[in-house]
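To start, the structure itself, in structure tokens.
What follows is calculated from the coordinates using simple rules that are stated; it is not laboratory data. Just so it is clear, the model here is predicted, and its values are computed rather than measured. For neighbour counting, all protein chains shown are included, and Cβ atoms are generated from backbone atoms with ideal geometry for every residue, glycine included.
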């Protein structure tokens, strides 16, 4: 009556909390490298196909990455009147860029990823993810430090998408989730229609305070801030996102109206996003809103986020 | 850079697919029994508190059961003009009953669970879940076979809630997820306002076909059928539900209107459900709707569902 | 081609090193308690039957405990001309005592275990292990502190058997593996024929230095010290033992002679011990002897052993 | 008090029984390939260094392979008066060959391994294992089928070493563990002094019957058969070996005499083997001898062994 017929010998343990693991069975190793920045695996899994794993943390898999990437990109894009210049921080798989390029209005997308080895390996091994987006002439790919790009950029961005890896202790990205960093992002926005969207951590009850603190932090910088989530299955937790702008965003859009916009302004090909999905996403579960309403802490360079990885949540 | 500081020695592996496990660290065993029907654990976990586990399958935990139980109960209740008689199939923890009794209109709730040992243990060890609902005078608790209750019931139910364990191979519940069973349920509904709601399996991309088939099956029996989901974290997958009725249900409710209804017609105490949450739930991700639109199979007694457990998905 | 059909849902992870785990599938929980001293499980496993687990560390299982207990007890007993008084430190399962009572010459066995709850549970749930040894009139069972017994004992013991749990960090037993403690043991030996034997840690290459340091430590106290091991399967490592005495022990015994002694002086019933097994045990692999020859550290109260558990090996 | 600080994210689960796993934490992937015969990993582990893994089964690791390979090779070699021609079946790592070449008398060693990709990868990535043995002019390396070599060989071998992977169901090697195969081996032995030695499965109590059946099977073919074992830590079980010959082997050798032979007839460099180790090995635990004495089954082509892997033990 007990047990199960497992399909794998080699397993990747994603440590979610000290008491929760999502364990992925691997069927093939496609690429492995210790880069100057992190340990990279590109693997094949039995249930979700090929996947990218960095420092033991599941980044995305072919079988369900669309849930994450479409949620990350399109609510911001569709809420902007005419997104031309898009800045992508992180996003090594090329899937965020792929979604951005669905929009006809986009004239320039700059993607900044610190790890050229990862980008190169994704390009080679994960064509299902980038789908040629690395070759789009509108793309400016910068292998380098996001800080530098932000410091040297002019106020030109319609959309800034923060697709960074989680701010785990001693990881390279935790400073990029602070008030100081969000203020710098604000300075390089083109105008008040511009929108920032960030991947904003797990929203499981055990971890939703992290998301709430990111919300709080953005709220100290932007006039209008919105939390939403997507059911990212292979992360072992639903995932939070936050939209921030100086202009309000309509959280009760008319689905048919949205579908019409998508038809006119994109080349289509969405796997889960449409008007109904957007309406659903922007109307979030009460427990997330309650946590945001009661959480008081904000993240600063002096008090940055520390997600569970090797350390503990803060 | 790798690994993590784990908090437990004893781990419960929930086998989601042959290549995916959600593994829960246990910090205490509160009760254990091999009942005539199943193997029961009531445990304490580090991240989500006390939990009920049957035949190795995670049923619910104190820390996140509200996400499942509020989603299971309230969309049906709020969509009915005046729910008086409620039939609950399964629901051993008493949490479904707890949610039903939030509604002032409820005159009778009959809960049918096959396993008296489990109900007794939940009553004793999980007061956080039932919160006294077992002592409500409106409750008729039947320890027995759901089939028998259904066969002998008159057409009296305003709401029927199927809170059964998953239809795993050789499990006791798989027949209760078939066309023939849904037809019997229809016969004991009070009138065309009556609503059936079922827990309808995982909606992760790897498993969403199971949900789609349940939808298809209900569609052969009821005029109006609606799929929705909740981000049930500790199941290792978001979870699907299906509403079925002979009367249409409004999937674009006005959140403020819903909140007003909740204030008038319930005693409150919701942890995540409200008007906004309902609007979000009823507007589902596109990939679920697409799977439902293309899936053609239905479940019958001759071709019942077989979820992954010890066997394989069908 | 990959994977396996597993038999359990609940698993006990024994952490051997930060990179090695032996994971035991549990089929039943027989008893569970947080005692004042430790967390106790008595479980049933599929491959090795019932087992005792303390603080997440596998103590012994019905299916292979004879390998450990016969190796712990009989080399000392058979090497002593006439063992009458035997002191057992630890040994909660009653299996060490069971083996001691095979010897006709034994007049008194005092067993000292700090945790009465564990002893009581073993008595109730593990009759296969103690086999009634708790009821032998020659047994003096002391629930209390080994230190106190040692301090208050006169020089009366022919054999002292240290069957303590591993000296993990912040565990209760680590002081009992130090030079100072071994000196106290020496003081309560009856005469120069007396023998001390200790369970002396894993002898896998990754951990054999711990065994070597225990050997070194005993060598500073006793004239004659001997290392040996047994292939304790469910520990995830072969296990080391050390004999110490003021009189030499013959490591090349004649097997037939030993078998004759066993026949005369014991009631029999051995499952693995005999003359050939003793000859094999006392002639150990070279890598253990080489590690002992080169290891220089000793354990004292100021520098006690710290085995991997929650901490790190020292 | 519970849990541990783990060092790895990616884990290899070695399924020992349906209820027992040895789980190895991987710190690096050095090579990965799906060869025509099997899935190969060469990995780095935290506790035992580099390791070879085939079809999810741990083959050997730099940190403890000497325990296996010295036990496999030297009892046979030292028991033969003058081993010149040695046939090695399997042994892809080159470590068995390495040990054979310690003996001055060896004129020819033929190693037959079916998987050239594995041999090539070991040659490149595991120099610690082969230590140049692939380049020894006495080596004849045959990438091919052991059956063919056996069928076409003349009666020339002083020593035949069967270092094959376990006979798991549908694996390539199970026929090579049968009576018919052992009869063929006998036919290609040089003379009555010749010795066959095989790796003969785990000797943990849960699996020792497999070893006993192999012993029985060899006993139907050879006049003199001897079981022994080595404490192979990372296999999650001590490992059995069997010597078979038409001439008796001395199981009570004089250790000092053996050490003298080793000094004269080998180039040294042993990490665990010597006279004392040999005396210990040849005098085995009683439970193994008892199982051999009572087990009646033998393995034939019609009734071959099936070790636990994906299937079940037989």
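How big is the equivalent ellipsoid of the stretch A:65-294 along its three axes, where each semi-axis is √(5λ) from the Cα gyration tensor, reported in whole Å from largest to smallest? Provide the component values of the computation, followed by the final result.
Values: eigenvalues 107, 90, 68 Å².
Taking √(5λ) for each Cα gyration eigenvalue gives 23, 21, 18 Å.
Placing the label point 7 Å from Cα along the Cα-to-Cβ direction, what are the distances from residue B:144 to the equivalent spots in the other copies, shortest first, in nm to one decimal?
Label-point distances to the other copies, shortest first: 6.1, 7.6, 7.7 nm.
At what distance in angstrom do the alpha carbon centres of the stretch B:47-74 and the stretch D:222-253 lie from each other?
Going from one Cα centre to the other spans 54 Å.
Starting from the Cα of residue A:5, step 7 Å along the direction of its Cβ; do the same at residue D:302; then give the gap between the two resulting points in nm.
Reported label-point gap for residue A:5 and residue D:302 is 2.9 nm.
Give the relative contact order (percent, whole number) for the stretch B:251-314; include only Cα pairs under 8 Å separated by 6+ residues. List each step's numbers first, then the result.
Details: 33 pairs, mean separation 18.2, N = 64.
Relative contact order, the stretch B:251-314: 28 percent.
At 222 nm, what helix-only mean residue ellipticity would chain C give, in deg cm²/dmol to the nearest 500, using -39500 (n - 2.57) for each DSSP H run of four or more? Spell out each step's value before the answer.
Working: 10 runs with 91 residues, N = 314.
After summing the helix terms and dividing by residue count, I get -8000 deg cm²/dmol.
Using alpha-carbon pairs under 8 Å, 6+ residues apart, how would you state the relative contact order of the stretch D:4-94 in percent? Present the calculation step by step, with values, prior to reporting the outcome.
Working: 117 pairs, mean separation 14.1, N = 91.
For the stretch D:4-94, the relative contact order is 15 percent.
Sort out for me the Cα centre separation of the stretch C:138-206 from the stretch D:134-173, rounded to whole Å.
Here the two parts' Cα centres lie 51 Å apart.
What average number of partner chain Cβ atoms lie no more than 10 Å from the Cβ of the residues making up A:205-217? The partial results should precede the final answer.
Values: counts 13, 8, 2, 1, 0, 0, 0, 0, 0, 0, 0, 0, 0.
The shielding value for this peptide is 2.
Average projected area of the Cα convex hull of the stretch B:52-176, in nm²?
Details: hull surface 30.2 nm².
Quarter of the Cα hull surface area: 7.6 nm².
List the extent of the Cα atoms of the stretch C:85-133 along each of their three principal axes, largest first, rounded to whole Å.
Its Cα atoms span 30, 22, 11 Å along the three principal axes.
May I ask you to derive the relative contact order of the stretch A:65-294, considering only C-alpha pairs under 8 Å and at least 6 residues apart, and to give it as an integer percent? Walk me through the intermediate numbers first.
Details: 442 pairs, mean separation 48.2, N = 230.
RCO, the stretch A:65-294: 21 percent.
Label-to-label distances across copies for residue C:81, with labels 7 Å out along Cα→Cβ, in nm, shortest first?
4.7, 10.3, 10.8
In what order do C:100, A:10 fall by count of nearby beta-carbon atoms within 10 Å, going from fewest to most? Could the numbers behind the result be given before it?
Numbers: C:100 28, A:10 25.
Starting with the residue having the fewest Cβ neighbours, the order is A:10, C:100.
Spin-label point model (7 Å from Cα, Cβ direction): what's the residue D:191 to residue A:152 distance in nm?
8.2 nm
How are the alpha carbon pair distances in the stretch D:10-60 distributed across 5 Å bins from zero to the largest one, expressed in percent?
5, 21, 31, 24, 14, 5, 0
Relative to the compact-globule scaling 2.2 N^0.38 Å, provide the ratio for the alpha-carbon radius of gyration of the protein assembly as shown. Let's see the in-between values first.
Values: Rg = 33.7 Å, N = 1256, 2.2 N^0.38 = 33.1 Å.
Against the empirical 2.2 N^0.38 Å value, I get 1.02 for the protein assembly as shown.
Based on the alpha-carbon set only, what is the convex hull volume of the stretch C:146-250 divided per residue, in Å³?
Working: hull volume 10.5 nm³, N = 105.
Hull volume over Cα atoms, normalised by residue count, gives 100 Å³.
Go ahead and run the numbers for FRET between residue A:224 and residue B:140, Cβ-Cβ distance against an R0 of 51 Å, rounding to 0.05.
On the way: r = 50 Å, r/R0 = 0.99.
Plugging the Cβ-Cβ distance into 1/(1 + (r/R0)^6) gives 0.50.
How do D:222, A:147 rank when sorted from fewest to most other Cβ atoms within 10 Å of their own Cβ? Display every interim value, and only then the final one.
On the way: D:222 22, A:147 15.
Starting with the residue having the fewest Cβ neighbours, the order is A:147, D:222.
What are the nm distances, shortest first, from residue A:124 to its equivalents in the other copies, labels at 7 Å along Cα→Cβ?
Output for residue A:124: 1.3, 6.1, 6.2 nm, nearest copy listed first.
Just to be sure I understand: chains B and D are related by a rotation, so which residue of B has its Cβ closest to that axis, and how close in Å?
So the closest residue, with its distance, comes out as B:5, 2.
Give me B:119, A:118 sorted ascending by neighbouring Cβ count inside 10 Å, so fewest comes first.
Ranked by crowding around the Cβ, least crowded first: B:119, A:118.
Tell me, Kirkwood radius of the stretch C:201-314 from alpha-carbon pair distances, in Å? Working shown, then result.
Numbers: mean 1/r = 0.0642 Å⁻¹.
When all Cα pairs of the stretch C:201-314 are included, the Kirkwood radius is 15.6 Å.
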